[in-house]
Amino acid sequence: MSTEYSNLAVDFCGIKSPNPFWLASAPPTDKAYNVIRAFEAGWGGVVWKTLGEDPPAVNVSSRYSAIYGKNREVIGFNNIELITDRSLDINLREITAVKEAWPDRAIVVSLMLPCEEHYWADILPKVEATGADGIELNFGCPHGMPERGMGAAVGQVPEYVGMVTAWCKKHSRLPVIVKLTPNITDIRHPARAAKSGGADAVSLINTINSITSIDLERMVALPTVGSASTHGGYCGTAVKPIALNMVAEIARDPETRGLPISGIGGINNWRDAAEFIALGAGCVQVCTAAMLHGFRIVEEMKDGLSRWMETQGYRTIEEFRGRAVPNTTDWKYLDMNFKTIAHISQADCIGCGKCHVACEDTSHQAVARLVDEATGKRTYEVIDSECVGCNLCEITCPVQGCITMVPQQTGKAYMNWTQDPRNPRAEQVPTAA
Ligand SMILES: Cc1cc2nc3c(=O)[nH]c(=O)nc-3n(C[C@H](O)[C@H](O)[C@H](O)COP(=O)(O)O)c2cc1C
């Protein structure tokens, strides 16, 4: 049996869960066998793999492709799978049985149906009868289903998002979580539409349209189905920055402020989860990391998050949820007078010169290369007066901690761009972030 931590319990839009770690709607939550093993491993909840109409969807072979790092670690993951390919009846029976056996865990049922009210009116009472805790509307699947007028085809039109959400609120008493597609210019619009349709929460992100690579011998993208391919949905580590930004956009939008958010996208460990929570997420969902490493990753997630919270003095998730939101602002409110410059620790420097090359070739010529005439030894030093504090040298340095960015005492007061005399359109407005 898995360990539980009293400081991790959450109540997400009325759905109680012993910890904020849920498995996202995907193969890990496709059947009772998986979900039971996930609960045994300690996951706080699951969003059951998306249910749809009967007869169920039919999948192709093959289905996945990936982008790898140097040591073949998977950085990005791409899939062309559809929603569940198991019958509605089997899924509903399994959900009922698992919920009965695991009453303390959250089970949310993901749904995707055509944009006609009767489909939703028909399925919602069946889902409610399983004892599930909530529903998630899959308005995000970017491949296959949009061609049939569902998934991202709905999520990309705020009016449809609001309309279907309102149908679900009308035909069900369960909390409605609207899962958003990132394949849209401004994530705030569908989030606002979800809220005005009565959504209890939003979850994001679903996968991003992608082609990961081309087989240059066969001249076809991966994954290959016979001799052809199609775009898929990108997820895993690589998408976390996109997801974090979209979560922040919704968390700080005055029109959706306070709307519960379930954070999804590239979460691998407790720190990733803490970042989503700091930007306002009330719980998080994980797919790719579990698919690559198995269900037991949740042990490190729970243990790490709980311990970190203790060191920070946070007794509950709610105590630090959203703490980074007020510090996430528009560019125009950043302090023009803040200055930081790089410092190279000579004791740690291995003399590779990467910082010099990067700064010399592409940036500010602020890292000098000094050659000892007697020994030929090269050393590197920052020219303080030329350094703009861009972080590039620190990013290129292979030795962690060797180059640090040091904030300078400028003696100047905070001044943002709206107040800056160099701004030809300075508004001279009071600062407000
Ligand atoms: C193979 C696969 C199948 C997926 N199927 C669904 C699905 O049926 N419904 C859904 O809402 N999202 C589906 N997703 C998207 C995930 O739930 C999640 O939003 C996305 O993968 C981002 O999270 P991650 O970076 O932790 O993987 C699927 C993802 C993958 C990789």
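Yes or no, residue by residue, for (1) buried (at least 19 other Cβ atoms within 10 Å of the Cβ); (2) of a type in the set (Ser, Thr, Tyr):
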site: Ala152; (1), (2): yes, no
site: Gln156; (1), (2): yes, no
site: Trp167; (1), (2): yes, no
site: Lys170; (1), (2): no, no
site: Leu180; (1), (2): yes, no
site: Ala191; (1), (2): yes, no
site: Ala194; (1), (2): yes, no
site: Ala201; (1), (2): yes, no
site: Ser210; (1), (2): yes, yes
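For Pro114, which of the numbered conditions (1) over 20 Å from Thr230 (Cα atoms); (2) at pLDDT 95 or above; (3) not acidic (Asp, Glu) fails to hold?
(2)
Tell me which helices (runs of 4 or more DSSP H) are completely within segment 133-222 and hold 1 or more residues being over 22 Å from the mean Cα position of the chain (by Cα), over 19 Å from Gly282 (Cβ atoms) and of a type in the set (Ser, Thr, Tyr), or say none if there are none.
Output list reads 158-171, 188-196.
Mind checking which pairs have a first residue in segment 142-165 that is among the polar types (S, T, N, Q) and a second that is modelled with pLDDT of 95 or more and part of a loop (DSSP other than H, G, I, E, B), Cβ under 8 Å, 6 or more apart or different chains?
Final answer for the pair search is Gln156/Thr181; Gln156/Asn183; Gln156/Ile184; Thr165/Gly197; Thr165/Gly198; Thr165/Ala199.
Which one is most open to solvent (accessible area, probe 1.4 Å) among residues in segment 82-125 that are of a type in the set (D, E, K, R) and within 16 Å of the ligand (Cβ to nearest atom)?
Asp85
Could you name every one of the strands (runs of 3 or more DSSP E) located completely within segment 30-81 that has at least 2 residues being open to solvent by 60 Å² or more (accessible area, probe 1.4 Å)?
64-68
Just give me the residues in segment 126-150 being within 16 Å of the ligand (Cβ to nearest atom) and open to solvent by 40 Å² or more (accessible area, probe 1.4 Å), in sequence order.
Within segment 126-150, Glu147, Arg148 qualify.
Just give me the residues in segment 213-238 being within 15 Å of the ligand (Cβ to nearest atom) and out of contact with any Ser or Thr (no Cβ under 9 Å at 6 or more places or on another chain), in sequence order.
Correct list: Thr230, Ala238.
Within segment 239-284, track down each residue that is part of a loop (DSSP other than H, G, I, E, B), within 12 Å of the ligand (Cβ to nearest atom) and touching a residue at least 40 places away in the same chain (Cβ under 8 Å).
Gly265
The values are calculated or read from the model by the stated rules, or taken from the named source; none is laboratory data. Keep in mind that this is a model prediction, so the values were computed, not measured. Don't worry about glycine lacking a Cβ; one is built from the backbone with ideal geometry, like all the others, and counts go over all protein chains shown. Surface areas here come from the heavy atoms of the whole protein model, side chains and all, with no ligands, DNA or RNA. Shrake-Rupley method; radii C 1.70, N 1.55, O 1.52, S 1.80 Å.
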